């Protein structure tokens, strides 16, 4: 058996040793909360036939070029249009990761007791994510006719993640995608200057994702404490790479082409934009503080990857 296979086997073998009563209690409370407050985006969101460009779709200061010299040369129409395309790109990334998340959860409960509250909650969360994926896809179709799908490299890396990630890596990666978007959407949902549709989508997603974050953090905290030194180093690198991929996938280059800009050159400008990097750090700060607390970032090569991605201060 290879070292990698042995490490994965150890992690899965340890899962039943987690305190069952507490896990079941957490899962039971989440199931009850979902029964009391869940939404159907097809019914609970007012979907317009069309949507104009009279308001920003995300806060102006969160658009990837905001604060750059190039931003100053854009017209107001281009700026608002870019915000439309960027929120669509983030929604496409949302669908991509919701699909990964669903497959991870199915893998993780495959060997669990199917009648447990833990499994029941996982299936409830999968159902939530299916509705969220449909909601994001509908938003993308309405805003940009289905454009801005994640790039092929991103799709390939996601395929590896959903197939090979162990529970610690999986729950950490789930939190990366959920908490980055959650921080932005919490700002969006209370910003009256934005398009009502994107505010409504953000609000619904925030309410339901709070339960998902609770579950993932609880599982990750338990499992991370059982890692050997070698396992922890591997997890740090895999999670750091995943974080960098997710952060970069939020705004794909085709967004820039859609407003008349060179996609490759503009993507480079956005990556280097200090304001954009500060926004990414802001989106990730609660997550990175938590990961630091449980030893998932460390002080070596993994931290440098987080920093290069703009998710941690240099």
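None of the figures in this text is laboratory data; all of them are computed from the coordinates on show. Given the structure is predicted, the values throughout are model-derived calculations rather than measurements. Methodologically, a virtual Cβ is constructed for each residue, glycine included, from the backbone with ideal geometry; neighbour enumeration extends over all protein chains shown.
For the pair residue 32 and residue 134, how long in nm is the line joining their label points, each one 7 Å along Cα→Cβ?
In this crude spin-label approximation the distance works out to 2.8 nm.
Helix 152-164 sits at what angle to the longest principal axis of the chain, using alpha carbons and giving 0 to 90 degrees rounded to 10?
Once rounded, the angle reads 20 degrees.
Highest first, please rank the peptides 194-204, 298-308 by the mean number of other Cβ atoms sitting within 10 Å of their residues.
In decreasing order of mean packing, 194-204, 298-308 become 194-204, 298-308.
Could you order peptides 156-167, 28-39 by the average number of other Cβ atoms within 10 Å of their residues, highest first?
So the peptides 156-167, 28-39, ranked by packing, come out 156-167, 28-39.
Could you please rank 237, 188, placing first whichever residue has the fewest other Cβ atoms within 10 Å of its Cβ?
Starting with the residue having the fewest Cβ neighbours, the order is 237, 188.
Only counting other Cβ atoms within 10 Å, I'd like 63, 190 sorted with the fewest neighbours first.
Lowest count first: 190, 63.
Just the projected area, averaged over all directions, of the convex hull on the alpha carbon atoms of the range 98-203: how many nm²?
That works out to 7.7 nm², a quarter of the Cα hull's surface.
May I ask you to derive the FRET efficiency for residue 226 and residue 60 from their Cβ-Cβ distance with R0 = 35 Å, giving the value to the nearest 0.05?
After rounding, the FRET efficiency stands at 0.20.
Roughly what angle does helix 274-293 make with the longest principal axis of the chain, taking Cα atoms, 0 to 90 degrees, to the nearest 10?
Rounded to the nearest ten degrees, it is 10.
Using 0.36 nm per residue of separation minus the Cα-Cα distance, give me the extension gain between residue 50 and residue 156 in nm, one decimal.
34.8 nm
Calculate for the chain the 222 nm mean residue ellipticity that helices alone would give, adding -39,500 (n - 2.57) per DSSP H run of length 4 or more and normalising by residue count, nearest 500 deg cm²/dmol.
-24000 deg cm²/dmol
How do 212, 61 rank when sorted from fewest to most other Cβ atoms within 10 Å of their own Cβ?
In increasing order of surrounding Cβ atoms, one gets 61, 212.
Mean separation of Cα pairs under 8 Å and 6+ residues apart, divided by the residue count of the range 176-283: what relative contact order is that in percent?
Across the range 176-283, relative contact order equals 28 percent.
Provide the convex hull volume over Cα atoms per residue for the range 189-241, in Å³.
In the range 189-241, the Cα convex hull volume per residue is 99 Å³.
For the range 97-145, go through all pairs of different Cα atoms, get the mean of 1/r, take its inverse, and jot down that Kirkwood value in Å.
11.7
If you take the beta carbon distance between residue 272 and residue 186 as r and set R0 to 25 Å, what does 1/(1 + (r/R0)^6) give as a FRET efficiency, to the nearest 0.05?
Efficiency, rounded to the nearest 0.05: 0.40.
For the chain, take the longest principal axis of its alpha carbons; what is the angle in degrees between that and the long axis of helix 167-188, to the nearest 10 within 0 to 90?
It works out to around 30 degrees.
Please find the FRET efficiency linking residue 301 to residue 73, where r is the Cβ-Cβ separation and R0 is fixed at 51 Å, and quote it to the nearest 0.05.
0.85
Can you give the direction-averaged projected area of the convex hull of the alpha-carbon atoms in the range 61-113, in nm²?
Projected over every direction and averaged, the Cα hull of the range 61-113 covers 4.8 nm².
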